[in-house]
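Take a look at the structure set out below.
The values are calculated or read from the model by the stated rules, or taken from the named source; none is laboratory data. Please read all numbers here as calculations on a predicted model, not as lab measurements. Don't worry about glycine lacking a Cβ; one is built from the backbone with ideal geometry, like all the others, and counts go over all protein chains shown. Accessible surface is based on the protein model in full, side chains and every heavy atom, while ligands, DNA and RNA are left aside. Shrake-Rupley method; radii C 1.70, N 1.55, O 1.52, S 1.80 Å.
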Amino acid sequence: MHSQNFVTKHKFLITGVLLAAVIGIQFVRPGIENPPVTENIIAPHDVQVILKKACYDCHSNETQLLWFDKIAPASWMVAKDVKDARHVLNFSHWDSLAPGDQKAKLFEAFNQISLGAMPLKQYAALHREAKLSAAEILILKSYITSLVSFKTSDTSLVNAANHQYDEWTGTKSAKVKPAPNGIEYIPDFKNWKAISTSDRFDNGTMRVIVANDIAVKAIKENHINPWPNGATFAKIAWDELIDSTGKVQTGAFKQVEFMIKDDNKYQKTAGWGWARWKGMQLTPYGKNETFTQECINCHRPVKDNDFVFTMPLHLQPK
Amino acid sequence: MKNLTIPGFLTLLILTGCSKENSYNESASLSDSTKISSVLEGKVLTSMVNTKEKTMATLYGNDIAVEYARNSKDHKYPAGSELSLVTWSQKEDVHWYGANIPGEIKSVEIVKYQSPNAATLVCYQGKNLELQKPDFKTAVTRIAFISNQRAAVLP
């Protein structure tokens, strides 16, 4: 009763305070600036139009905000999204990426779009133009397909593979440094069971995905979504060597990547421990532990599959 | 109402069917009834693709074969070595445009070494993996092809 009296008495005061607060926070601006464009992506006109319409507000230095994006507190979220988005992919600094990385970014972006992870749902709800039609998706698909080359591997790739093989046969692996997030290398993956293979024609690599005993048991017992704690995968990648008849063999070893399930220990990184070691030197990937954000971003479209892309072979219980 | 219920039920059936296929790659798997499903549990020696035929294959080995292939450059497999080449037609990975993954199983070829100079080939073909009787020349060619594959480098 007392409080109701207070509200009635001070109705104007309360409204005034709220209004002042809303106006006040408008002066707290994280500010989205549009730094200079160093080099825009070079692509066919129809592709450029689609990218500008659907992606550029967040993934370029040509952000164009609508009036409601500029009102706090919404503007604070928008500013954070744009900052994160530019960090992941920025079409305005296209020249900062090597040609192979440019292609990889486009394939990743396309898959994020076609699997419905991009544009972000909350963004697309207010920015209808960002949502791509089936026809527009097809234009992007045919563009990225045109970037793939299926030509015979040159001798340098073949020589590199031969050299690596000759050096490797019979040698034992040396001590390997842990990944920046503290995950130790697991040399035993060589003896794990294969659950799939992947011919990555987008980047010219062959991949074999192997799983430890806990994961294999889960496959046999049909408990793979979510995967049990301890389930671990290794994805091994080699260059693809293509001969003149179109036959492809594994060439030089590129990298091995791990996903280790533990929803307590790795709660902050989507329930998985992520790690990657590159080259014959097995150099840990990532400058610091935030590299895992890259892994999670790429795997996000399959979050309903417990963040796992691979559809495993259905190994049989015996 | 009845008319609405039946399509609804069918959709549900289709959806559950899809979700199962989304979690396992069933078409590329070997059912227990084939009696050779354990070939998929060998260690991986290497894998290959034939872009013209749109097939991909994985070469598996038992412990003796894998130990040998990872440590020697010649291909004189010791007695007891067993190599299995499983070949699939390729299909697009629904989770990643830019990747092809195993589709239907096309064949399983198993090479067993009795001695470094004597090996036999057992060959299964087609979706139902029917046992084949390859002629002598084919058997010799296939044993040589399978045995001459290099182990993929694993540091």
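Key figures
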read-out: Neighbouring partner chain Cβ atoms per residue of B:147-153, average, 10 Å criterion; value: 6
read-out: Chain B shape via C-alpha gyration tensor axes, a/c threshold 1.5; value: prolate
read-out: Rounded accessible area of residue B:30 (nearest 10 Å², 1.4 Å probe); value: 10
read-out: Listed residues A:87, A:125, A:75: farthest to the positive end of the dipole of segment A:53-126 (Cβ charges); value: A:125
read-out: Other protein chain Cβ atoms within 10 Å, averaged over every residue that makes up B:85-98; value: 5
read-out: DSSP-assigned coil residues among GluC sites (Glu not before Pro) in segment A:218-318, each with at most 15 further Cβ atoms within 10 Å; value: A:221
read-out: 14 Å beta-carbon shell around residue A:99, net charge (K/R +1, D/E -1); value: -2
read-out: Fluctuation leader among B:135, B:74, B:63 - chain B, Gaussian network, Cα springs under 10 angstrom; value: B:135
read-out: For chain A: rounded, prolate or oblate by the Cα gyration tensor [a/c cutoff 1.5]; value: prolate
read-out: Environment charge of residue B:96, counting only residues whose C-beta is closer than 10 Å and scoring Lys/Arg +1, Asp/Glu -1; value: -3
read-out: Whole-Hz ³J(HN,Hα) from phi, Karplus 6.51 cos²θ - 1.76 cosθ + 1.60, for segment A:46-58, glycine and proline x; value: 5, 5, 4, 4, 5, 4, 4, 5, 9, 10, 5, 4, 10
read-out: Under DSSP loop assignment and at most 12 Cβ neighbours within 10 Å, longest trypsin sites (Lys or Arg not before Pro)-free interval of chain B; value: B:77-126
read-out: DSSP-loop chymotrypsin sites (Phe, Trp or Tyr not before Pro) across segment A:124-221, with at most 15 other Cβ within 10 angstrom; value: A:150
read-out: Average beta-carbon neighbours from other chains, 10 Å sphere, peptide A:240-247; value: 3
read-out: Reachable lysines from residue B:73, criterion Cα separation under 27 angstrom, eight or more residues apart if same chain; value: A:172, A:175, A:190, A:193, A:235, A:247, A:254, A:278, B:43, B:112, B:137
read-out: C-alpha center-to-center spacing [segment A:115-149, segment B:95-153] in angstrom; value: 41
read-out: Chain lengthening between residue A:167 and residue A:137 when straightened (0.36 nm per residue, less Cα-Cα); value: 6.3 nm
read-out: Cα-Cα pairs of segment A:200-248 separated by more than 15 Å (percent); value: 57
read-out: For segment B:120-131, Karplus couplings with θ = phi - 60° (6.51, -1.76, 1.60), whole Hz, Gly/Pro x; value: 10, 10, 10, 10, 10, 9, x, 4, 8, 6, 7, 5
read-out: Those chymotrypsin sites (Phe, Trp or Tyr not before Pro) in segment A:7-80 that DSSP places in a loop and that have at most 10 other beta carbons within 10 Å; value: A:27
read-out: Sequence-distant residues sharing a close amide H with residue B:119 (under 5 Å, placed H); value: B:114
